[in-house]
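The values are calculated or read from the model by the stated rules, or taken from the named source; none is laboratory data. Note that the structure is predicted; figures quoted are calculated from it, not measured. Don't worry about glycine lacking a Cβ; one is built from the backbone with ideal geometry, like all the others, and counts go over all protein chains shown. Accessible surface is based on the protein model in full, side chains and every heavy atom, while ligands, DNA and RNA are left aside. Shrake-Rupley method; radii C 1.70, N 1.55, O 1.52, S 1.80 Å.
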Amino acid sequence: MPSLPQERVIQGPSPLDLNTELPYQSTMKRKVRKKKKKGTITANVAGTKFEIVRLVIDEMGFMKTPDEDETSNLIWCDSAVQQEKIAELQNYQRINHFPGMGEICRKDFLARNMTKMIKSRPLDYTFVPRTWIFPAEYTQFQNYMKELKKKRKQKTFIVKPANGAMGHGISLIRNGDKLPSQDHLIVQEYIEKPFLMEGYKFDLRVYILVTSCDPLKIFLYHDGLVRMGTEKYIPPNESNLTQLYMHLTNYSVNKHNERFERDETENKGSKRSIKWFTEFLQANQHDVAKFWSDISELVVKTLIVAEPHVLHAYRMCRPGQPPGSESVCFEVLGFDILLDRKLKPWLLEINRAPSFGTDQKIDYDVKRGVLLNALKLLNIRTSDKRRNLAKQKAEAQRRLYGQNSIKRLLPGSSDWEQQRHQLERRKEELKERLAQVRKQISKEEHENRHMGNYRRIYPPEDKALLEKYENLLAAAFQTFLSGRAASFQRELNNPLKKMKEEDILDLLEQCEIDDEKLMGKTAKPRGPKGQIIHYIVKLLKNS
């Protein structure tokens, strides 16, 4: 199987200054750590410096454990975690990072993977500015600059460190001759005609929750942050390329400008809410439904690019877990999106550890909702640990005593025995899939009741859109696999994956009829309702 690039991991505990993370004083009171009670959901938050995470943990009624406790139901870390840690987790535990997500969260990895997908599906991936990765694509960039000169065109480019963050090391250029050929950089075409508010350039921080990679499940939070520049926007020219307060929308850059406006309301100042922005669009006769649809499509298509990498890495960490098992990983991602003057969204970058600092009331209000709604959606239960331990015990006993629901087929077995063996295997496969479908239905029912301000964007309810996304997923896997892991492709083509409960019950009924014929019994006809009731009772007895 293909090896994955090493993700940037911060090992060991880091000094965390909690006093600087919550200048905005909330009215929520911190709970005093109490003695752990039986049946309490526990959370280890030693890996985060953000006080809002602890406040939300308290609001959920979770019990914070000592820093060294590795058995907590929930583990929250600000930085990416080692794959070994994910491999060691019990099935009842949840950690807030997926392995492999760095494939879209590092600027250079995102550019590389997007380039591959653009070659495969150019009409579907038009939301990424043209990008070059240095030093590998230095020559291609210089050739592109020569073509522009021949056509007497001039463009502006934004240069970023390949693995930079918080706006550090970013610059604008119009002449690429002086760019170092061996530095690890990302060079992108600059979008010169952005949508402006009050004369200022801005970007959107959109929060996304991924609860599973097997199957892929994506939720979009219907609020977020609007981060504005602090100098009135003028299209780039030779005299203003260094005016970063005008051209960059990063909060970490603009907060240092004396013109940065802090305001306690969501409709004023240099930082506003997406909720307010959608009301602004509506008031100015813009199509708000299309705005959210375009954002959702950008997010899903981007995570489709990541899915083969994440699924592969996750299964490497969790070998032996059947497809559809409860995910031990989830992730809250911060998508940074720029709108051009036609309101077309452009992907700037993705943060796998978005800041949960709350130095303004708007930060507190938005980020509290993001975290609180996410934890409610996860549905962490006190019974998860107990059930997991019971399942482990039963599995150990089954291995110890050599129990197996299907007997091995001995060499020289008759045709009749072979047919019965195939039927038994088929029934077991159908029963397993039926259990997965029912579990998934139960999970979706919980999600539908507890989404809060999140909306499920994958899988979508629209069948035509789902088919479109599935075709893109197939293309992403084809690009990733390159003949190296055919088992992934076989599983994608498994017809059982798309079957509903009633379809599986019908197949089980047919298996039962065929089995009775082989045994020389007269098959008793059953109506549809009788079939369902019969098999539910039978499966419950056998489970």
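Yes/no per residue for (1) modelled with pLDDT of 95 or more; (2) closer than 29 Å to ARG262 by Cβ; (3) of a type in the set (Ser, Thr, Tyr):
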| site | (1), (2), (3) |
| --- | --- |
| LYS160 | no, yes, no |
| SER171 | no, yes, yes |
| LYS178 | no, no, no |
| LEU185 | no, no, no |
| GLY199 | no, yes, no |
| ASP214 | no, no, no |
| PHE219 | yes, no, no |
| ASP223 | yes, yes, no |
| GLY229 | no, yes, no |
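Applying a threshold of 8 Å to beta carbon distances and a minimum spacing of six or more residues, or different chains, the list of pairs starting in region 233-258 at a residue that is among the small types (Gly, Ala, Ser) and ending at one that is open to solvent by less than 40 Å² (accessible area, probe 1.4 Å) reads SER252/GLY167. Could you give me the residue pairs with C-beta distances under 7 Å whose first residue belongs to region 452-475 and is more than 22 Å from MET114 (Cβ to Cβ), whose second residue is open to solvent by less than 40 Å² (accessible area, probe 1.4 Å) and of a type in the set (A, V, I, L, M) wherever it lies, and which are 6+ apart or on separate chains? Partner pairs satisfying both residue conditions: TYR454/LEU209; TYR454/LEU220; TYR454/LEU377; ARG455/LEU220.
Yes/no matrix, rows are residues, columns are (1) out of contact with any helix residue (DSSP H, G or I) (no Cβ under 7 Å at 6 or more places or on another chain); (2) in a helix (DSSP H, G or I); (3) open to solvent by less than 10 Å² (accessible area, probe 1.4 Å):
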{"site": "GLN321", "(1), (2), (3)": "yes, no, no"}
{"site": "GLY334", "(1), (2), (3)": "yes, no, yes"}
{"site": "LEU347", "(1), (2), (3)": "no, no, yes"}
{"site": "ILE350", "(1), (2), (3)": "no, no, yes"}
{"site": "ASP365", "(1), (2), (3)": "yes, yes, no"}
{"site": "VAL370", "(1), (2), (3)": "yes, yes, yes"}
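Taken over region 444-458, the criterion of being modelled with pLDDT under 95 and buried (at least 17 other Cβ atoms within 10 Å of the Cβ) is satisfied by GLU447, MET451. SER270 meets the stated requirement of being modelled with pLDDT of 85 or more and out of contact with any His (no Cβ under 7 Å at 6 or more places or on another chain).
Among the residues of region 113-128, those that are out of contact with any strand residue (DSSP E or B) (no Cβ under 8 Å at 6 or more places or on another chain) and closer than 19 Å to LEU338 by Cα comprise ASP124, TYR125, THR126. Filtering region 63-86 to residues that are in contact (Cβ under 8 Å) with a residue 40 or more places away in the chain and either open to solvent by less than 50 Å² (accessible area, probe 1.4 Å) or farther than 23 Å from GLU326 by Cα (or both) leaves ASP67, ASN73, LEU74, ASP78, SER79, ALA80, VAL81, ILE86.
For a quick check of your reading: which strands (runs of 3 or more DSSP E) sit entirely within region 136-214 and have at least 3 residues that are among the β-branched types (Val, Ile, Thr) and on the phi < 0 side of the Ramachandran plot? Full working, then the answer.
Values: elements: 157-161, 171-173, 185-189, 202-213.
Passing ranges, in order: 202-213.
Checking each residue in region 220-263 for being under 30 Å from TYR458 (Cβ atoms) and either among the aromatic types (Phe, Trp, Tyr) or open to solvent by 80 Å² or more (accessible area, probe 1.4 Å) (or both) picks out TYR221, TYR251. Restricting attention to region 385-415 and to residues that are open to solvent by less than 80 Å² (accessible area, probe 1.4 Å) and at pLDDT 70 or above, the residue that is nearest to ASP58 (Cα to Cα) turns out to be LYS385.
Whether any residue in region 90-98 is within 29 Å of ILE57 (Cβ to Cβ), open to solvent by 30 Å² or more (accessible area, probe 1.4 Å) and modelled with pLDDT under 95 is what I want to check.
yes
For region 416-443, enumerate the residues that are under 22 Å from LEU473 (Cβ atoms) and either touching a helix residue (DSSP H, G or I) at 6+ places or on another chain (Cβ under 6 Å) or at pLDDT 75 or above (or both). Those that are under 22 Å from LEU473 (Cβ atoms) and either touching a helix residue (DSSP H, G or I) at 6+ places or on another chain (Cβ under 6 Å) or at pLDDT 75 or above (or both): ARG433, VAL437.
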